[in-house]
Structure formats: structure tokens, C-alpha cells
Amino acid sequence: MSDTAMKQAGAFSWNELMTTDVKGAKAFYGELLGWGMQDINTCGMDYTLVKLGDKEIGGIMAIPDQAAGMPPAWGAYVTVDNVDALLSRVEKLGGKVCVPPQDIPDVGRFAVIQDPQGAMLSLISYLKQGS
């Protein structure tokens with residue numbers, strides 16, 4: 001899938017592992033799937049970009065303090081046109097907003113929702129090119 005297709009509303013666009021053992025996860029997935037890893041610091045936290053060749057395909061991070069106690073898990077992001085505008089529909093349809101909208105500098109804005117059956121999903125609106 002191209003970067004353009006991934007950033008189209010409705011498309012799954014990013015996958016992210018939150019874990020208690022970043023070093024172990026990097027070693028496991030790097031060896032298992034041949035992924036490259038690039039460590040960066042963003043928003044004041046350590047983050048690992050997962051790469052397939054030169055293409056960034058996901059990320060790995062430590063479970064943040066506000067989510068302490070959760071088991072390590074992969075999370076998926078779906079692109080939407082406007083995170084803030086969509087959240088009222090989440091609740092009208094029986095879902096729940098678990099993490100209110102937050103900015104990711106130089107990336108966009110995201111929120112985490114839970115559907116009526118309990119499944120979690122992250123929604124993201126990417127910055128427009130040139131923004």
C-alpha cells in the first residue's frame with residue numbers, strides 16, 4: 001500500500017507496539033521479520049520506528065505511565081479526516097472515547113476509541129503536506 005493510500009480516510013495507516021520490554025521486542029521482531037529499527041526521541045519520549053527497507057511501517061514504545069498495568073499489545077491506527085469532529089459519532093454509535101484527541105508534533109492528531117464490543121482502535125488525522 002502506498003503512503004498516499006495509507007493516509008486516505010478509512011485506511012489502516014500505522015501499527016504500534018506498546019510493551020514492557022522495548023529492547024526484547026526490537027530483537028524479536030527484527031530477527032523474526034527482518035525489520036529495521038531506528039531509535040528517535042519524540043514528544044520527550046524514546047520511540048522506535050519500525051522499517052521495512054527504507055519505509056516506516058510502525059513503531060515500538062514503552063507502555064506509558066497512564067496505561068500502566070496493561071499487557072503488551074499491538075495497536076492499529078485508522079486515518080480519518082478530522083479526529084475531533086468524528087468523536088461525537090463514536091459515542092452516538094455506542095462507543096467510548098478512551099484517550100481524548102492529542103497532537104503528535106509534525107505528524108497529526110490522534111485519539112483512542114473503544115467500540116461497543118470492547119475493541120480498541122486509534123484514529124489519526126495526519127497533517128496535510130506542507131502544513
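The values are calculated or read from the model by the stated rules, or taken from the named source; none is laboratory data. Computed from a predicted structure; not experimentally measured. For neighbour counting, all protein chains shown are included, and Cβ atoms are generated from backbone atoms with ideal geometry for every residue, glycine included.
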Across (1) in a strand (DSSP E or B); (2) in contact (Cβ under 8 Å) with a residue 24 or more places away in the chain; (3) more than 13 Å from Ile113 (Cα to Cα); (4) not acidic (Asp, Glu), Val78 clears everything bar (3)
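Looking only at the stretch 87-115, which residues are outside any strand (DSSP E or B) and either buried (at least 17 other Cβ atoms within 10 Å of the Cβ) or more than 17 Å from the chain's Cα centre (by Cα) (or both)?
Taking the stretch 87-115 and keeping what is outside any strand (DSSP E or B), we get 87-95, 105-107, 115.
Leu87, Ser88, Arg89, Val90, Glu91, Lys92, Leu93, Gly94, Gly95 - these are the residues of the stretch 87-115 that are outside any strand (DSSP E or B) and either buried (at least 17 other Cβ atoms within 10 Å of the Cβ) or more than 17 Å from the chain's Cα centre (by Cα) (or both).
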Gly69 is checked against (1) within 25 Å of Asp103 (Cβ to Cβ); (2) part of a loop (DSSP other than H, G, I, E, B) and fails just one. What number does that condition carry?
-> (1)
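Taking the residues in the stretch 1-22 that are closer than 13 Å to Pro72 by Cβ and more than 15 Å from the chain's Cα centre (by Cα) as candidates, determine which candidate is surrounded by the most Cβ atoms within 10 Å (Cβ to Cβ). Before you say what the answer is, go through the steps one by one.
If we filter the stretch 1-22 for residues that are closer than 13 Å to Pro72 by Cβ, which is where we start, we get 16-22.
Filter once more, so that each one left must be more than 15 Å from the chain's Cα centre (by Cα): 20-22.
On the way: Thr20: 12, Asp21: 13, Val22: 20.
Of everything passing the filter in the stretch 1-22, Val22 is surrounded by the most Cβ atoms within 10 Å (Cβ to Cβ).
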Filter the stretch 1-19 for residues that are assigned to a strand (DSSP E or B) and among the polar types (S, T, N, Q); which is modelled with the lowest pLDDT?
-> Ser13
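Taking the stretch 54-70 only, how many residues are modelled with pLDDT of 95 or more and either exposed (fewer than 14 other Cβ atoms within 10 Å of the Cβ) or in contact with a Leu (Cβ under 9 Å, 6 or more places away or on another chain) (or both)?
Restricting attention to the stretch 54-70, the residues satisfying the condition of being modelled with pLDDT of 95 or more are 58-63.
Imposing the further condition that a residue be either exposed (fewer than 14 other Cβ atoms within 10 Å of the Cβ) or in contact with a Leu (Cβ under 9 Å, 6 or more places away or on another chain) (or both) reduces the set to 58-61.
Result for the stretch 54-70: 4.
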Residue that is nearest to Pro71 (Cα to Cα) [pool: residues in the stretch 20-49 that are in contact (Cβ under 8 Å) with a residue 24 or more places away in the chain and not in a helix (DSSP H, G or I)] = Thr20
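For the stretch 92-115, how many residues meet the condition of being out of contact with any Phe, Trp or Tyr (no Cβ under 9 Å at 6 or more places or on another chain), of a type outside the set (A, V, I, L, M, F, W, C) and at pLDDT 95 or above? I'd like the intermediate steps shown before the answer.
Step one: filter the stretch 92-115 for residues out of contact with any Phe, Trp or Tyr (no Cβ under 9 Å at 6 or more places or on another chain), giving 92-98, 100, 105-106, 111-115.
Next, only the ones that are of a type outside the set (A, V, I, L, M, F, W, C) stay: 92, 94-96, 100, 105-106, 114-115.
Subsequent filtering for residues that are at pLDDT 95 or above retains 92, 94-96, 100, 114-115.
Selection size over the stretch 92-115: 7.
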What are the residues in the stretch 81-96 that are within 13 Å of Leu123 (Cα to Cα) and among the acidic types (Asp, Glu), if any?
-> Asp81, Asp84
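Every residue, every condition in (1) of a type in the set (A, V, I, L, M, F, W, C); (2) within 13 Å of Met18 (Cβ to Cβ), yes or no:
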position: Gly34; (1), (2): no, no
position: Asn41; (1), (2): no, no
position: Lys55; (1), (2): no, no
position: Ala67; (1), (2): yes, yes
position: Trp74; (1), (2): yes, yes
position: Thr79; (1), (2): no, no
position: Leu87; (1), (2): yes, no
position: Val99; (1), (2): yes, yes
